[in-house]
Amino acid sequence: MRSENGRRWCWIALLLALYMEAVVVAEDPYRYFDWRITYGDIYPLGVRQHGILINGQFPGPDIHSVTNDNLIINVHNDLPDPFLLTWNGLQQRKNSFEDGVYGTTCPIPPGQNFTYIMQVKDQIGSFFYFPSLQFHKAAGGFGGIRILSRPRIPVPFPEPAGDFTILIGDWYKTDHKVLQTILDRGKRLTFPDGIQINGLGRDGAKFTVEPGKTYRLRISNVGLQNSLNFRIQGHKMKLVEVEGTHTIQTTLSSLDVHVGQSYSVLVTADQPAQDYYIAVSSRFTTQILNSTAILHYSNSRKTVSGLPPPGPTTDISWSLNQARSIRTNLTASGPRPNPQGSYHYGQINVTRTIRLANHAGIVNKKQRYAVNGVSFIPADTPLKLADYYNIDGVFKVGSIPDKPAGRNIHLDTAVMGADYRAFIEIVFENRENIVQSWHLDGYSFFVVGMDVGRWSPASKNQYNLIDAVSRCTTQVYPRSWTAIYVPLDNVGMWNLRSQFWARQYLGQQFYLRVYTPVKSFRDEYPIPKNALHCGRAKG
């Protein structure tokens, strides 16, 4: 009897072990989306416009996901134009084929579809998506992305009562195709006409809260060129997350959100029951754009009253000090159980310093924008496909220098080479009298320093090498510099661009080719089976 019981327990133990092994190796969850892209009527500033809808919505639907989820997004292009979506902040680990910019992905032809297959590998936080081709971004097609922590990974604040996506951005009443034609003719765009908040104009968007409860607001600047200031009448905001990094929790009265950036704040409904203004205004502009939404208490019997809270306008030093105060919460967990601060970026030797200067100029009697003297022009074939299939003549590695090269501008399909697993420093040098905003696809990076004036090697003495925030988009103030550290741990062809969309469109971008000679699925996935082929890669 004992022997029989012993055998039974051995079988139970073996079955349990096999079950646990199956659990461990099970695939991460899949989330499926089916999107139809169409033109339709929108009214962001109170007048009818031709906008881009996703499943009939403007803005498009939010993507809700959890760390390591696989996202299967089937996009049907019902526009008369080629179309692509890019995923601002998703790192596309080992998978730049899915990045959704023309340097990596063939456009979806009119009347056809393409399925993006992506994993939000080891990521949390607030991001957004938008159309990357032509000047579609000025017509809509954008939406929020939220990546929640896995259930067993602690978050450094109590679970909020609600979670709102707030997409803000400057906006033109002019049709996006007219704007594109102006740029194609070599002219500059005029100043935008207003600000939209979740696709609506003044007092159009409303967010309902319960008295005494705390809510998370995920704020993204999806606009075309202007930094915006965000504030709520009578309420404080607690900053808790920036583009996938839990931050030291700082209480703010207002927050500068530069083009392409995303933030999470907590707001508690702790004021008398009524409606309050959410105010958004342009920063660093002579002409100030303003818009408002409504924070509505569920038991409110009083509409908004008084004036919206005023915001800062042209004060650079205030914004610079706020940016420097945003630090990583080293005691918080990230996407994995280990604390974010366990990665001691400040103790790693920098193997290369790249200095990038932006400037504007005229080429062939047309307005162009450049990085280190090179104004990017698209090739006839996505660069990633040309690289994968060894197609000659599409681009040349090294066609953009590592440092500023005078004021002259020339046109080229700019690609900078970089070694896989290198640890590099990039210094953005803004010599113009505007605020710039820069984004690197495929990565988050450590913003180690920023200041007014010219950068020099001595500027390294003021770097934050302990708890600098890790993010994917950073601002550079007028006649100032910003320095970032980037661990190049993601093989692929990655777009480094100005988030000012007219500047990006007219050449202020290039591609960083992170390369390893070892061809291994461990380092980079093969080309997707459903990949579209175009240009010289067709057939």
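The values are calculated or read from the model by the stated rules, or taken from the named source; none is laboratory data. Source: prediction; values computed, not measured. With ideal geometry, Cβ positions are generated from the backbone for all residues, glycine too; neighbour counts draw on all protein chains shown. The protein model used for the area step is the full one, side chains on, heavy atoms only, and it has no ligands, DNA or RNA in it. Shrake-Rupley method; radii C 1.70, N 1.55, O 1.52, S 1.80 Å.
When you look at TYR263, is it of a type in the set (Phe, Trp, Tyr), under 30 Å from ILE147 (Cα atoms) and surrounded by 15 or more Cβ atoms within 10 Å (Cβ to Cβ), yes or no? So TYR263 passes the test.
Give the residue, chosen from GLY442, GLY449, that is more than 29 Å from THR286 (Cα to Cα), within 21 Å of the chain's Cα centre (by Cα) and either among the aromatic types (Phe, Trp, Tyr) or open to solvent by less than 20 Å² (accessible area, probe 1.4 Å) (or both). Don't jump to the end; show me each part of the working.
On the way: GLY449 fails: more than 29 Å from THR286 (Cα to Cα).
Answer to the selection: GLY442.
Please indicate, with yes or no, whether at least one residue in the range 134-145 is buried (at least 24 other Cβ atoms within 10 Å of the Cβ), touching a Ser or Thr at 6+ places or on another chain (Cβ under 6 Å) and over 21 Å from GLY492 (Cβ atoms). Yes, the range 134-145 contains at least one residue that is buried (at least 24 other Cβ atoms within 10 Å of the Cβ), touching a Ser or Thr at 6+ places or on another chain (Cβ under 6 Å) and over 21 Å from GLY492 (Cβ atoms).
If you scan the range 347-399, which residues turn out to be part of a strand (DSSP E or B) and of a type in the set (Val, Ile, Thr)?
Residues of the range 347-399 that are part of a strand (DSSP E or B), as a first pass: 352-363, 366-371, 374-376, 396-397.
Passing the criteria: THR353, ILE354, ILE362, VAL363, VAL371, VAL374, VAL397.
Which members of the range 231-277 meet the condition of being among the hydroxyl-bearing types (Ser, Thr, Tyr) and over 27 Å from the mean Cα position of the chain (by Cα)? Before the answer, list the steps.
In the first step, residues of the range 231-277 are kept if they are among the hydroxyl-bearing types (Ser, Thr, Tyr); the result is 245, 247, 250-251, 253-254, 262-264, 268, 276-277.
Scanning the range 231-277 gives a single hit, TYR276.
Take GLY201 and tell me if it is farther than 30 Å from GLY103 by Cα, touching a residue at least 12 places away in the same chain (Cβ under 8 Å) and in contact with a Phe, Trp or Tyr (Cβ under 6 Å, 6 or more places away or on another chain).
Details: farther than 30 Å from GLY103 by Cα: yes; touching a residue at least 12 places away in the same chain (Cβ under 8 Å): yes; in contact with a Phe, Trp or Tyr (Cβ under 6 Å, 6 or more places away or on another chain): no.
The answer is no for GLY201.
Restricting attention to the range 465-493, the residues that are open to solvent by 10 Å² or more (accessible area, probe 1.4 Å), in contact with a helix residue (DSSP H, G or I) (Cβ under 8 Å, 6 or more places away or on another chain) and either in a strand (DSSP E or B) or of a type outside the set (A, V, I, L, M) (or both) total 5.
Just to be sure I understand, how many residues within the range 357-371 are within 17 Å of GLN499 (Cα to Cα) and touching a Gly at 6+ places or on another chain (Cβ under 9 Å)? Can you show your working first?
Of the residues in the range 357-371, the ones within 17 Å of GLN499 (Cα to Cα) are 357-360, 368-371.
After this cut, where a residue has to be touching a Gly at 6+ places or on another chain (Cβ under 9 Å) as well, the list is 357, 359, 368-371.
Residues in the range 357-371 being within 17 Å of GLN499 (Cα to Cα) and touching a Gly at 6+ places or on another chain (Cβ under 9 Å): 6 in total.
Against the numbered list (1) closer than 24 Å to PRO158 by Cα; (2) of a type outside the set (Asp, Glu); (3) in a strand (DSSP E or B); (4) touching a Lys or Arg at 6+ places or on another chain (Cβ under 8 Å), ALA279 comes up short only at (1). Considered as a group, the residues in the range 405-416 that are modelled with pLDDT of 95 or more and open to solvent by 10 Å² or more (accessible area, probe 1.4 Å) include one that is nearest to TYR485 (Cα to Cα), and that residue is THR413. Find the residue count for the range 494-523, including only residues that are among the basic types (Lys, Arg) and either assigned to a strand (DSSP E or B) or at positive phi (or both). The total comes to 2.
Scanning the range 165-182 for residues that are buried (at least 19 other Cβ atoms within 10 Å of the Cβ) and under 30 Å from ARG368 (Cα atoms) yields a total of 8. Of THR328, THR292, THR381, all but one fail to be in contact with a Pro (Cβ under 8 Å, 6 or more places away or on another chain), open to solvent by less than 30 Å² (accessible area, probe 1.4 Å) and not acidic (Asp, Glu); the exception is THR292.
Out of the residues in the range 266-275 that are in contact (Cβ under 8 Å) with a residue 40 or more places away in the chain, closer than 23 Å to LYS302 by Cβ and not polar (S, T, N, Q), state the one that is most open to solvent (accessible area, probe 1.4 Å). Before the answer, list the steps.
So in the range 266-275, the residues in contact (Cβ under 8 Å) with a residue 40 or more places away in the chain come out as 266-270, 273.
Still in the list and also closer than 23 Å to LYS302 by Cβ: 267-270, 273.
Restricting the remaining residues to those that are not polar (S, T, N, Q) gives 267, 269-270, 273.
On the way: VAL267: 8, ALA269: 6, ASP270: 100, ALA273: 45 Å².
Going through the qualifying residues, I end up with ASP270.
Restricted to the range 77-98, and to residues there that are acidic (Asp, Glu) and surrounded by fewer than 19 Cβ atoms within 10 Å (Cβ to Cβ), the residue that is farthest from TYR515 (Cα to Cα) is ASP78.
Being under 15 Å from ILE195 (Cβ atoms), part of a loop (DSSP other than H, G, I, E, B) and among the polar types (S, T, N, Q) is the filter; apply it to the range 223-258 and report the residue that is most open to solvent (accessible area, probe 1.4 Å). Ranking the qualifying residues of the range 223-258, first place goes to GLN225. Scan the range 203-222 for residues that are crowded, with 17+ Cβ neighbours inside 10 Å and assigned to a loop (DSSP other than H, G, I, E, B) and the total you get is 4. The C-beta contact set for the range 106-123 (first residue at pLDDT 95 or above and buried (at least 22 other Cβ atoms within 10 Å of the Cβ), second residue assigned to a strand (DSSP E or B) and among the hydroxyl-bearing types (Ser, Thr, Tyr), distance under 8 angstrom, 6+ apart or interchain) comprises VAL120/SER65.
Picking from residues in the range 150-201 that are among the β-branched types (Val, Ile, Thr) and closer than 22 Å to THR214 by Cβ, the one that is modelled with the lowest pLDDT is ILE153.
Identify, please: which residue in the range 295-306 is surrounded by 18 or more Cβ atoms within 10 Å (Cβ to Cβ) and part of a loop (DSSP other than H, G, I, E, B) and is, among those, farthest from the chain's Cα centre (by Cα)? Ranking the candidates gives SER300 first. Taking the range 46-76 as the search range and keeping residues that are in a strand (DSSP E or B), open to solvent by less than 40 Å² (accessible area, probe 1.4 Å) and polar (S, T, N, Q), which one is farthest from LEU90 (Cα to Cα)? The qualifying residue farthest from LEU90 (Cα to Cα) is GLN49. For the range 340-359, state whether one or more residues are in contact with a His (Cβ under 9 Å, 6 or more places away or on another chain) and farther than 30 Å from LYS519 by Cβ. For the range 340-359, residues in contact with a His (Cβ under 9 Å, 6 or more places away or on another chain) and farther than 30 Å from LYS519 by Cβ: present.
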